[in-house]
Structures are given as C-alpha cells and as structure tokens.
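Remarks on the structure that follows.
The values are calculated or read from the model by the stated rules, or taken from the named source; none is laboratory data. Just so we're clear, the structure is a prediction, and the values are computed from it rather than from any experiment. Cβ sites come from the backbone with ideal geometry, for glycine too, and all protein chains shown count toward neighbours.
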C-alpha cells in the first residue's frame, strides 16, 4: 500500500457527517485508492500520505476540512455545486 500512497496525485473526498469516501488517482488518472474512513481516522490518514491535491465539494464543513488538510501540506481545491 505504501507505493500506492506515494503515487496519489489527486484525491477526491466526499465529506459527510460521519463517513468519508476517498478516491485517489495517479498522474495518469489511474485509480490507486478507494477508501472509506470515519471522521476520527480521516485526519490521521491524510496527515500520513505525501502531499497531493485534494478536491472536495464546497459545502458545509468544507472550509474547516480544507484548513486541516492544508496544515498537512496538501493543496485543497473546493468545487462549487451548481445543483446538477
């Protein structure tokens, strides 16, 4: 799993109340990570992966999580949901 974590270029996180779905791709857009984590495991997991770009929907709580992830060295992009 260590090699897979090293190759994550882009990590999408679906933030929710208790469980978070993660989907990571490498530089060739190949899926290298599909994981579901509880809130208490998420911070530790993100802190232990190499810096990457994390993408999340801009919704309640997204700004909080963006700050948490940036403190671990990640770049965070928030995507606006236009209701589609």
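General observations
- Tally of residues being in contact with a strand residue (DSSP E or B) (Cβ under 6 Å, 6 or more places away or on another chain), at pLDDT below 95 and not in a loop (DSSP other than H, G, I, E, B) across region 1-13: 1
- Restricting region 49-75 to residues that are free of Cβ contacts under 8 Å to residues at least 40 places away in the same chain, assigned to a loop (DSSP other than H, G, I, E, B) and more than 11 Å from the chain's Cα centre (by Cα), the residue that is surrounded by the most Cβ atoms within 10 Å (Cβ to Cβ) is 72.
- Across region 17-43, the qualifying residues are those that are within 12 Å of the chain's Cα centre (by Cα) and not in a strand (DSSP E or B), and the one among them that is surrounded by the most Cβ atoms within 10 Å (Cβ to Cβ) is 42.
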